[in-house]
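Comments concern the structure below.
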Amino acid sequence: MIHQVGIGEMRVTDSSEEVLIASPIGAGIALALRNPAARVHGLLHFMLPDSAAHPRAAIENPCLFADTAIPAFLRTAAALGASPAESSITMVGGAQPIDPTEFFAVGARNQATARKILWNNGMRIESEHVGGSSARTLRIEPGKERGTVVTQEREGEA
Amino acid sequence: MSTHLDIIRDIETLPAPSPVVVKLAALAGERHADVAELTSVIRYDPVLRAHLLSQAGRLPGEPASSGTNGHASPGSAAHLQDAVVLMGMAQVLDIAVMLHASELMMPALPAYGLVEGELWRHGIAASLAIEVIEGLISVDLSPGTQAAAFLHDLGKVVLSSWIEQGGTAPAGASRSRQAVFGREELEVLGVDHAMVGARIAQHWGLGSEIVTAIRGHHEPSAGEEGSVQAVGVANLAAKVAGCGLGAEGLNLGADASACGRLGITCQDFEFLCAEVHLRLPAALQSAGRLVGAIR
């Protein structure tokens, strides 16, 4: 069973049948969580770093912003038995336009915020495929150690 | 050069908008168009008239009363005039343009990595972004800005087949280096989609403000009107909100001075992206009723 995880959505499951896909991933970040011991895997796709930019939107959809989405994602995974110590994270996305002023560096800000929050929660980023300006697709399958990342340039392991 | 001329020929074979759309664009350019004149023009397009009445009925506020029994009869001039006043010139023109161009923007564009409907959704998102931008800034945008945002990538409809025919995709050229997508189009075809979109709008008689905003949406320069900067920012916001990424992705130059000239901060831009994402489902549903009306 394939489950599409759109922007501002997350899905955490202990089902061995569920394949999770986030596509397209642009400036936003998709975080894949894997915990083989608990047989839990999950995918979060957030768009922006800081809920202070739009507090009402954060109330309506906490998964839109890194600072509200990632804690909720980790809590949901923990509730299924996925402890931080035995969980690994893959980070994909954070693309941005070509902008020397970094005004539009939403992708970079997303990356930085995600790293900080994950670090504060004792999570390690095992692999990443971030930056540039291409859109990406991330596919996570239960039982597979590596996810699959597809961009315009190539298809490879996450 | 022959490719360039062939592209121009393709532009000229696209279905032209109705005289009502052209007249509305001209009235929008006048800035102070008389509401009665707008209403009299719209009455010649029954589909547009019906949709405006339907849309206005969904907005807060009752149409003003008139007529012998104290209420405007549905479809009457007074009722339509109230709808035009409620919605405003910008939205009326945006809807008129959407009615004409939506069918053209629906097909998949494989050369740009856009699935069926994605170009159209991107246009809706950009048009919505203009609505949000207008609430954020003190600069007045021309009434045609929303329509320009909807149409800004229309040039891809024409160029897509040329890219496929040539077997050389700008996306392919961009893959190996960090190059701006539009510049690759120029190198391969001699034109980019912004230029082609502007040419289409010009051919359709949509007025200089819409033409200029479409042409400049990737490289707004100092001195241009606010509508040019706004359409460029709206394009980016729509992409950050996940609409219309395709093969281009975010492989485009971004001009922060555009936000500076409009008075948009970094946080405003992120608010804009979030607001577009929140409101997009309803906007797509409303615009989808338009598409249903013309199919």
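Please enumerate the residues belonging to the stretch B:184-207 that are in contact with an Asp or Glu (Cβ under 8 Å, 6 or more places away or on another chain) and open to solvent by 10 Å² or more (accessible area, probe 1.4 Å). Residues satisfying the conditions are B:LEU186, B:ASP192, B:HIS203.
Evaluate the stretch A:11-22: report whether one residue or more is closer than 23 Å to B:LEU245 by Cβ, in contact (Cβ under 8 Å) with a residue 24 or more places away in the chain and surrounded by 24 or more Cβ atoms within 10 Å (Cβ to Cβ). Show your work before the answer.
Restricting attention to the stretch A:11-22, the residues satisfying the condition of being closer than 23 Å to B:LEU245 by Cβ are A:11, A:19-22.
Narrowing the set further to residues that are in contact (Cβ under 8 Å) with a residue 24 or more places away in the chain leaves A:11, A:19-22.
From what's left, surrounded by 24 or more Cβ atoms within 10 Å (Cβ to Cβ): A:20, A:22.
Among the residues of the stretch A:11-22, at least one is closer than 23 Å to B:LEU245 by Cβ, in contact (Cβ under 8 Å) with a residue 24 or more places away in the chain and surrounded by 24 or more Cβ atoms within 10 Å (Cβ to Cβ), which makes the answer yes.
With respect to the conditions (1) in a loop (DSSP other than H, G, I, E, B); (2) more than 25 Å from B:ALA148 (Cβ to Cβ); (3) modelled with pLDDT of 85 or more, B:ASP6 falls short on a single one, namely (1). Report yes if A:ASN35 is polar (S, T, N, Q) and away from chain B (no Cβ under 12 Å), otherwise no. When the stated conditions are applied, A:ASN35 passes them.
What is the residue count in the stretch B:193-219 for residues that are among the charged types (D, E, K, R) and modelled with pLDDT under 90?
Taking the stretch B:193-219 first, the residues among the charged types (D, E, K, R) are B:199, B:209, B:215, B:219.
Keeping just the survivors that are modelled with pLDDT under 90 gives B:219.
Looking only at that region, the number is 1.
Restricting the search to the stretch B:101-134, which residues are of a type in the set (A, V, I, L, M, F, W, C) and assigned to a loop (DSSP other than H, G, I, E, B)? Step through it out loud before you land on a result.
Step one: of the stretch B:101-134, the residues of a type in the set (A, V, I, L, M, F, W, C) are B:101, B:104-106, B:108-109, B:111, B:114-115, B:119-120, B:124-126, B:128-130, B:132-133.
Correct list: B:MET106, B:ALA108, B:VAL115.
Taking every residue in the stretch A:47-59 that is closer than 17 Å to B:THR265 by Cα and more than 7 Å from chain B (Cβ to nearest Cβ) and pairing it with any residue that is buried (at least 23 other Cβ atoms within 10 Å of the Cβ) and modelled with pLDDT of 95 or more, at least 6 positions away or on another chain, the pairs with Cβ-Cβ distances below 6 Å are A:PRO49/A:ALA66; A:PRO49/A:ASN110; A:SER51/A:PHE65.
If you scan the stretch B:14-40, which residues turn out to be open to solvent by 60 Å² or more (accessible area, probe 1.4 Å) and not basic (Lys, Arg)? Outline the logic, then answer.
Kept after step one, since they are open to solvent by 60 Å² or more (accessible area, probe 1.4 Å), are these residues of the stretch B:14-40: B:15-16, B:19, B:23, B:30-32, B:34, B:37.
Matches in the stretch B:14-40: B:PRO15, B:ALA16, B:PRO19, B:GLU30, B:HIS32, B:ASP34, B:GLU37.
Residue count for the stretch B:135-159 satisfying the condition of being hydroxyl-bearing (Ser, Thr, Tyr) and not in a helix (DSSP H, G or I): 2.
Report yes if A:VAL106 is touching a Leu at 6+ places or on another chain (Cβ under 6 Å), among the β-branched types (Val, Ile, Thr) and under 30 Å from B:GLY232 (Cβ atoms), otherwise no. Taking the combined requirement at face value, the residue does not satisfy it.
In the stretch B:183-295, counting only helices (runs of 4 or more DSSP H) that sit wholly within it, the ones holding 1 or more residues that are within 11 Å of chain A (Cβ to nearest Cβ) span B:226-240, B:256-262, B:266-294.
Name, by its number, the condition in (1) under 22 Å from B:LEU278 (Cβ atoms); (2) away from chain B (no Cβ under 14 Å); (3) touching a strand residue (DSSP E or B) at 6+ places or on another chain (Cβ under 6 Å) that does not hold for A:ALA72. So A:ALA72 meets the others, but not (3). Under the condition of being within 14 Å of chain B (Cβ to nearest Cβ) and in contact with a helix residue (DSSP H, G or I) (Cβ under 9 Å, 6 or more places away or on another chain), the residues counted in the stretch A:1-27 number 5. Among the residues of the stretch B:185-228, those identified as within 23 Å of B:LEU24 (Cα to Cα) and among the polar types (S, T, N, Q) are B:GLN202, B:SER208, B:THR212, B:SER227.
From the list B:ALA125, B:ALA111, the one residue that fits, being open to solvent by less than 40 Å² (accessible area, probe 1.4 Å) and touching a Leu at 6+ places or on another chain (Cβ under 7 Å), is B:ALA125. All conditions but one from (1) open to solvent by 10 Å² or more (accessible area, probe 1.4 Å); (2) modelled with pLDDT of 90 or more; (3) of a type in the set (A, V, I, L, M, F, W, C) apply to B:ALA222; the one that does not is (2).
May I ask you to list the residues in the stretch A:81-98 that are within 14 Å of chain B (Cβ to nearest Cβ) and in contact with an Asp or Glu (Cβ under 8 Å, 6 or more places away or on another chain)? Outline the logic, then answer.
Our first condition is that a residue be within 14 Å of chain B (Cβ to nearest Cβ); within the stretch A:81-98, this holds for A:92-98.
A:VAL92 - this is the single residue of the stretch A:81-98 that is within 14 Å of chain B (Cβ to nearest Cβ) and in contact with an Asp or Glu (Cβ under 8 Å, 6 or more places away or on another chain).
From the list B:GLU270, B:GLU248, B:GLU219, which residue is touching a strand residue (DSSP E or B) at 6+ places or on another chain (Cβ under 6 Å) and not aliphatic (A, V, I, L, M)?
Details: B:GLU248 fails: touching a strand residue (DSSP E or B) at 6+ places or on another chain (Cβ under 6 Å); B:GLU219 fails: touching a strand residue (DSSP E or B) at 6+ places or on another chain (Cβ under 6 Å).
The match here is B:GLU270.
For the condition outside any loop (DSSP other than H, G, I, E, B), open to solvent by 30 Å² or more (accessible area, probe 1.4 Å) and within 14 Å of chain B (Cβ to nearest Cβ), A:ALA30 does not qualify.
The values are calculated or read from the model by the stated rules, or taken from the named source; none is laboratory data. Fair warning: this is a prediction, and the values are worked out from it, not measured in the lab. Methodologically, a virtual Cβ is constructed for each residue, glycine included, from the backbone with ideal geometry; neighbour enumeration extends over all protein chains shown. Ligands, DNA and RNA are excluded from the accessible area calculation, which covers all protein heavy atoms including side chains. Shrake-Rupley method; radii C 1.70, N 1.55, O 1.52, S 1.80 Å.
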